[in-house]
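The values are calculated or read from the model by the stated rules, or taken from the named source; none is laboratory data. All of these numbers come straight from a predicted model, not from anything done at the bench. Methodologically, a virtual Cβ is constructed for each residue, glycine included, from the backbone with ideal geometry; neighbour enumeration extends over all protein chains shown. We work out accessible area using only protein heavy atoms, side chains counted, and drop any ligands, DNA or RNA first. Shrake-Rupley method; radii C 1.70, N 1.55, O 1.52, S 1.80 Å.
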Amino acid sequence: MTGPMSNAAFRTAIVPAAGLGTRFLPATKAVPKELLPVVDTPGIEVVASEAAESGAERMIVVTSPEKQAVVDYFRSRPELEANLEAKGKTALLEKVRRAPGLLDVEVAIQEEALGLGHAVAQAAPALADTDEAVAVLLPDDLILPPGC
């Protein structure tokens, strides 16, 4: 870091996503809050899109061990993609490929919910020396228009 008031651009976004999703119970008993749709797009993809549009190249999702599905959402699914392509379902194929193409996604595990500061600190080992600045995105509220 070049100083406490560095204007370095960020390339890494940290997304704390280890909570229990209690505001959305009972749905979040089975589906992580981050995967609940905002119209037809999971909330975590909305966050990733905003991060990518703001210049992020990678995103570290801080999650609990039970929420691997949040990170899996950003993994390619070649068999599914091949199936959709073979059936000519190009619109669905584009949607399936959209999230994995946004940015590189890594995971950091928060074993115990000890607050926001602790969650963000769990991402520290994944940061590179070139990460002079990071963005911390809190995906609990949707604010429109995008980019606010």
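Per-residue answers, yes or no, for (1) open to solvent by less than 40 Å² (accessible area, probe 1.4 Å); (2) under 25 Å from ALA30 (Cα atoms); (3) in contact with a helix residue (DSSP H, G or I) (Cβ under 6 Å, 6 or more places away or on another chain):
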{"position": "VAL71", "(1), (2), (3)": "yes, yes, no"}
{"position": "ALA91", "(1), (2), (3)": "no, no, no"}
{"position": "GLU94", "(1), (2), (3)": "no, no, no"}
{"position": "GLY101", "(1), (2), (3)": "no, no, no"}
{"position": "VAL107", "(1), (2), (3)": "no, yes, yes"}
{"position": "LEU116", "(1), (2), (3)": "no, yes, no"}
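Report, by residue number, each residue of the stretch 18-51 that is over 21 Å from VAL96 (Cβ atoms) and touching a residue at least 40 places away in the same chain (Cβ under 8 Å).
ALA18, GLY19, LEU20
Against the condition surrounded by 12 or more Cβ atoms within 10 Å (Cβ to Cβ), at negative phi, at pLDDT 85 or above and more than 11 Å from the chain's Cα centre (by Cα), how does GLU45 come out, does it pass? Walk me through it before giving the result.
Working: surrounded by 12 or more Cβ atoms within 10 Å (Cβ to Cβ): yes; at negative phi: yes; at pLDDT 85 or above: yes; more than 11 Å from the chain's Cα centre (by Cα): no.
No; evaluated as a whole, the condition is false for this residue.
Are any of the residues in the stretch 51-60 in contact with a Leu (Cβ under 8 Å, 6 or more places away or on another chain), open to solvent by 30 Å² or more (accessible area, probe 1.4 Å) and within 16 Å of GLN110 (Cα to Cα)?
There is no residue in the stretch 51-60 that is in contact with a Leu (Cβ under 8 Å, 6 or more places away or on another chain), open to solvent by 30 Å² or more (accessible area, probe 1.4 Å) and within 16 Å of GLN110 (Cα to Cα).
Search the stretch 117-145 for residues that are assigned to a loop (DSSP other than H, G, I, E, B) and pair each with any residue that is open to solvent by 60 Å² or more (accessible area, probe 1.4 Å) when their beta-carbon atoms are under 6 Å apart and the residues are at least 6 apart or on different chains.
These pairs meet every condition: GLU132/MET1.
Could you list all residues from the stretch 8-20 that are closer than 18 Å to ALA108 by Cα, outside any strand (DSSP E or B) and either open to solvent by less than 50 Å² (accessible area, probe 1.4 Å) or not hydrophobic (A, V, I, L, M, F, W, C) (or both)?
Residues satisfying the conditions are ARG11, ALA18, GLY19.
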